[in-house]
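Down below is the structure, laid out as structure tokens.
The values are calculated or read from the model by the stated rules, or taken from the named source; none is laboratory data. Bear in mind the structure is a predicted one, so any value in this text is a computation, not a measurement. Every residue, glycine as well, gets a Cβ built from its backbone with ideal geometry; the counts of neighbours run over all protein chains shown. Heads up: the accessible areas ignore ligands, DNA and RNA and are worked out on the full protein's heavy atoms, side chains in. Shrake-Rupley method; radii C 1.70, N 1.55, O 1.52, S 1.80 Å.
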Amino acid sequence: MTNNKHTSPRRFFKIGQFPGFGITTLLFFLFLYIPLFILVIFSFNTGRSATIWDGFGFNWYLKAFNNDDIQRAAINSIIIAITATTVATMLATFAALILSRARKFRGQNISYAIIMLPLIVPEIVTAVATLSFFSAIGLKLGLVNVIIAHTVFCIPFAFMPIRARLQGMDSTLEEAATDLYANDWKTFRYVTLPLLMPGIISGAMLTFIISIDDFIITMMVAQAGSTTLPLYIYGMVRMGITPEINVVSTIMLCISTLFVSLAYLVGRKK
Amino acid sequence: MNQAKREATRRWLGLGPAILLIFIFMIIPLCIISTYSFLESNPYGGVKPHFSFAAYSQFLFELDFDDNVVFNPAYLMIFWRSFVLALATTILCLLIGFPVAYYIALQPPSKRNLLVFLVTIPFWTNLLIRTFSWILILRDSGVVNNILIWTGIIDKPITLLYTNGAILIGLVYTYIPFIVLPIYATVEKLDIRLFEAAHDLYANRRQLMRYIILPLTAPGIIAGGILVFVPSLGAFIAPNLLGGGKKLMLGSLIQLQFASSRNWPFGSAVALLLMAVVLIAMLIYILGPARKTDMGEHAG
Amino acid sequence: MKTFKILMLFFLSIALCTGSAMAGKQLFVFNWTDYTSPELLKKFEKETGIAVTLDTFDSNESLLAKLKAGGGGYDIVVPSHNFVPIFISEGLVQKINAPKLKGYENIMDQHKSPPWDPGNIYSIPWQTGTTSFSINTDVYKGDYDTYKVLFEPPSELQGKIAMFNAPDEVVGMALIYLGFDQCNENSDQMKQVLDLLMAQKQHVKVYNSDGILERLLSGDAAIHMNWNGYAMRARNQNPAFKYAYAREGVISFMDNLMVPKDAQNKENAIKFIEFMMQPENAAMQSNFARYANGIKGSGKFLDEELRTAPEINIPSTAKLIFIPSCSAKSIKLMDKVWTKLKQ
């Protein structure tokens, strides 16, 4: 554990250990992962049922890949996620720079609260509020409606890792740059930004996942032809449970896992 | 003077876009639904520009079939169910999550990081998918029933899905990573020397837990608890998928008003109430444990 | 920095394109779940080059709510007959003037100019059928041509009932069983409806209008509110599923194609409507969904089974009841019953 180099961890291990905690942890991980395994395994089921095993096969994967609607939903999801991530990350970076660095100014706390607001408001409330707003002003721009909604709630998710990175960053490098007569822009571009990059990338990846996975807000705000992967899955669940749902779910699980792993690896780089 | 002005401009340029976006697309919409909650509902959907308290009185009272004002406990039931389920979820998450967080923190650093990572992965996967997997497990023709029938323990499937229990499982499954991580963070910061000191003073395990570990990890526990309780209150996916449309919670109640029930004012009112509860919970946290930690840090 | 800007502009432009005018050759259809023949859409795409996107809803109320919320951009929607006047009076749909369109003469005379849309100014028929329930005769062997088995179920059916998640269909059926008028404005009678439904609730497994086929086949439900076409598809998978024609009266419906006011591709929608007035296309849709259509001459393209199936050939003794379009007062009462039921 932290801040002690004198006592060996092994000794602590003996002192601080509690019986039964280990088993609980094992059961916990089983509980966490077994449903996901079931989901993935049955995507390879050859039969029509998602819970009664018939045999191993890729037929449902073939069916899913040939499905136009799935492709369209996937494309929509990706377009929305990339756009929302790009905009949100940019805005969050600027905001983080100002909020974490500038001397105390009036309205700093309020600004911070506003940026964090989408995190605090329950998602269903955000969803119905956004729907009411779009309906009231008659905004009907198809995919753009969803993109706007996603960008807004993605901002705090991008903000947090960037700010964390900023706070951990050593400001002496920037001060050195200023001493060497670099102007603000140059300092930013050649010193701050590269140092900040891992935080920005972390934030961007997490935002991407959040956007791809979003369901409630998208469901309320989506218009014709704006079906995303989660909406499509929901539609399929409504129609009837076949292994095709498992296939799409497995694919989404893989994408999420991939991105989280990448974000984690990038975030660990010092 | 110039420097200050430049500072200010830069500040607005940097913060401005983010704040503006959130203001227009979050704060204004929230104001709009606040207004809607005081308007009359249009039976075909939307609102009529008439002032009306109907949405709020609908919580407690209703016009029965003879147009008399009667006390209606039904929505209170939904509140109660949401509250109880959220509380049960939080307690269950704590009972499971604390040992797990503690155990992980005990591991050597390399193993520790791997375990934390394993906890985080499901957290980032799609909630709909994760909840859906429980349908596969709990339904009449699902995994649990299949196993029970196959081993001969029962011969007819038992109803597991579409019950309050199913919703509880779904909620715990959804939110348990939220509690493991904050508790882990506080346990990780525990100073080993305290343990040694306690050991030297002949404290047994129970005393160690009660007098040292729990008080010191309290901020993490409370933070985790709030992170679970608040979203559970307004959960939508778990009751919708696992509750069968018979067991409404606040989240599904709100969504229903903006969908087929077509009662926006009432939906807005419930949404505002949910927000109020959330804000109260956060206030309690900020004024309570968070402030205590602050003082602790300054003193120590 | 620059790359960021370029990327953002790039994606914004993609988004704007997909959001709006790239829709030159597009058609957005909003229909009931599992109610549109995929073959039909493919044929339409091949003949016209218009790409069709299909979204689904589960009840008239959901459709109404979506359109009222401005949820849109759909070019074709498919409400039931009793909701058509509401859509018209709320200004949610636009005129199509069907008599001026190609193929109008193909519409069966008895379906031309229906009471809910005189002159076919706003709609044409899509499919017509009945609403009743499917019952698994392996589970229940008795007489099922009465709503009694649904509302006051015998023990083998208790806990295995599935009802629609739509007030007007459920309340409508309850009103028939109790012998009351449709679109009821009498609060005493509606109170009895509520009592009936509340007593039934404990035996109901789920209120859901989707996934009917799957619920029946998996055994989750042994008796499920259903429409005749879907019931036929269930029976094709398992002959034990029979469709009931309750003695008390059978609900009849006609679903219609309409064009929302904010449709982005009105010309393409009109093309689709003209397409559906051709006998072979109407038959293709009927062959998929297993319902009768309103187009003359489609008979010779229909599957043999559709000619003889009990789900389509309604026994002459059955009392068909078309639910009329209800007044705001009766809708309010219906909503009251429904809200109390779901609480």
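For every helix of n ≥ 4 consecutive DSSP H residues, a contribution of -39,500 (n - 2.57) applies; sum these over chain B, divide by its total residues, and give [θ] at 222 nm rounded to the nearest 500 deg cm²/dmol.
-22500 deg cm²/dmol
Return the tail of the calculated pair distribution for segment B:77-295, meaning the percent of Cα-Cα pairs more than 25 Å apart.
I get 51 percent for the Cα pairs in segment B:77-295 exceeding 25 Å.
With the Cα gyration tensor of segment B:1-106 in hand, convert its eigenvalues to equivalent ellipsoid semi-axes via √(5λ) and list them largest first in whole Å.
Largest first, segment B:1-106 gives 41, 34, 9 Å.
Compute, for the protein assembly as shown, the length of the dipole vector about the Cα centre, with Cβ point charges of +1 (Lys, Arg) and -1 (Asp, Glu) only. Units Debye, rounded to 20.
Charge dipole, the protein assembly as shown, about its Cα centre: 3080 debye, nearest 20.
Binned at 5 Å from 0, what are the whole-percent values of the Cα-Cα distance distribution for segment A:112-267, short to long?
P(r) for segment A:112-267, in whole percents per bin: 1, 8, 14, 14, 15, 14, 11, 8, 6, 4, 2, 1, 0, 0.
Working only with C-alpha atoms, what are the Rg and Dmax values of segment A:16-60, expressed in angstrom?
16.2, 52
Using alpha-carbon pairs under 8 Å, 6+ residues apart, how would you state the relative contact order of segment A:16-60 in percent?
After rounding, I find 24 percent.
Quote the accessible area belonging to residue B:258 in square angstrom, nearest 10, computed with a 1.4 Å probe and with ligands, DNA and RNA left uncounted.
Ignoring ligands and nucleic acids, residue B:258 comes out at about 10 Å².
Suppose we look only past 24 Å in the calculated P(r) of segment A:27-154. What percent of the Cα-Cα pairs does that tail hold?
In whole percent, the share of Cα-Cα pairs in segment A:27-154 beyond 24 Å is 58.
Which three lengths, in whole Å and largest first, does segment B:153-217 cover when its Cα atoms are put on their principal axes?
Principal-axis extents of the Cα atoms in segment B:153-217, largest first: 58, 27, 15 Å.
When only C-alpha pairs under 8 Å and at least 6 residues apart count, what is the relative contact order of segment B:77-295, in percent?
Computed value for segment B:77-295: 27 percent relative contact order.
If the viscosity is 1.567 mPa s and the temperature 4 °C, what Stokes-Einstein diffusion coefficient in µm²/s follows for segment C:107-223 when Rh is the Kirkwood radius over Cα pairs?
After rounding, the answer is 80 µm²/s.
Any idea of the accessible area per residue across the protein assembly as shown, 1.4 Å probe, to the nearest Å²?
Ligands and nucleic acids excluded, the result is 42 Å² per residue.
Of C:191/C:261; C:66/C:332; C:66/C:95; A:140/C:266, which sit over 26 Å apart, Cα to Cα?
Listed pairs above 26 Å: C:191/C:261.
Might you report the magnitude of the Cβ-based charge dipole of segment A:64-268 about its Cα centre, with Lys and Arg at +1 and Asp and Glu at -1, to the nearest 20 debye?
The dipole magnitude comes to about 460 debye.
Report the one residue of B:176, B:119, B:47 whose Cα lies farthest in the direction of the positive end of the charge dipole of chain B (charges on C-beta: Lys and Arg +1, Asp and Glu -1; origin at the Cα centre).
B:119
If you scale each eigenvalue of the Cα gyration tensor by 5 and take the root, what three semi-axes come out for the protein assembly as shown, rounded to whole angstrom and sorted largest first?
Rounded to whole Å, the semi-axes are 51, 33, 27.
When the Debye formula is applied to the Cα atoms of segment C:14-162, each taken as the same point scatterer, what base-10 log of I(q)/I(0) results at q = 0.12, 0.18 Å⁻¹?
One equal scatterer on each Cα of segment C:14-162 leads to -0.72, -1.19.
How big is segment B:73-190 on each of its three principal axes, counting only the C-alpha atoms and giving the largest first in Å?
49, 43, 25
Leaving out ligands, DNA and RNA but keeping every protein chain, what accessible area does residue B:81 have, in Å² rounded to the nearest 10, with a 1.4 Å probe?
40 Å²
Using a 1.4 Å probe and ignoring any ligands, DNA or RNA, find the accessible area of residue A:115 and quote it in Å² to the nearest 10.
0 Å²
To the nearest 20 debye, what is the magnitude of the charge dipole of chain B about its Cα centre, counting +1 on the Cβ of each Lys and Arg and -1 on the Cβ of each Asp and Glu?
800 debye
Around residue B:41, which amide H atoms from residues at least 5 apart in sequence, or from another chain, sit under 5 Å from its own amide H, with H modelled in the peptide plane?
B:48
Check which residues have an amide H placed less than 5 Å from residue C:257's amide H, if you skip close sequence neighbours.
Correct list: C:124, C:126.
Could you run the Debye sum over the Cα atoms of chain C, one equal point scatterer each and no solvent, and tell me log10 of I(q)/I(0) at q = 0.15 Å⁻¹, two decimals?
The calculated log intensity ratios at q = 0.15 Å⁻¹ are -1.30.
Before rounding to the nearest 500, sum -39500 (n - 2.57) across all DSSP H runs of length at least 4 in chain A and divide by the residue total; then give [θ] at 222 nm in deg cm²/dmol.
So the helix-based figure for chain A works out to -24500 deg cm²/dmol.
What pairs from C:205/C:319; C:42/C:112; B:48/C:160 go past 31 Å between their alpha carbons?
B:48/C:160
Under the definition of partner shielding as Cβ atoms of other protein chains within 10 Å of a residue Cβ, what is the mean value for peptide A:148-161?
The per-residue average across the peptide is 2.
Only Cα pairs under 8 Å and at least 6 apart count here; give the relative contact order of chain A as a rounded whole percent.
About 30 percent, as a whole number.
Divide the volume of the convex hull of the Cα atoms of chain A by its number of residues and quote the answer in cubic angstrom per residue.
Dividing the Cα hull volume of chain A by its residues yields 208 Å³.
To the nearest 500 deg cm²/dmol, what mean residue ellipticity at 222 nm is calculated for chain C from DSSP H runs of n ≥ 4 alone, each contributing -39,500 (n - 2.57), summed and divided by the residues?
-11500 deg cm²/dmol
Counting only residues 5 or more places away or on other chains, whose amide H sits under 5 Å from the amide H of residue C:57 once H atoms are built in the peptide plane?
C:31, C:32, C:33
Which value results for Rg/Rh of segment C:141-198 when Rg is the Cα radius of gyration and Rh the Kirkwood radius based on the inverse mean 1/r?
Computed over Cα atoms, the ratio is 0.98.
Please list, in order along segment B:197-205, the HN-Hα scalar couplings obtained from phi with the Karplus expression 6.51 cos²θ - 1.76 cosθ + 1.60 (θ = phi - 60°), rounded to whole Hz, x for Gly and Pro.
Result, ordered by residue: 4, 4, 4, 5, 8, 6, 7, 8, 4 Hz.
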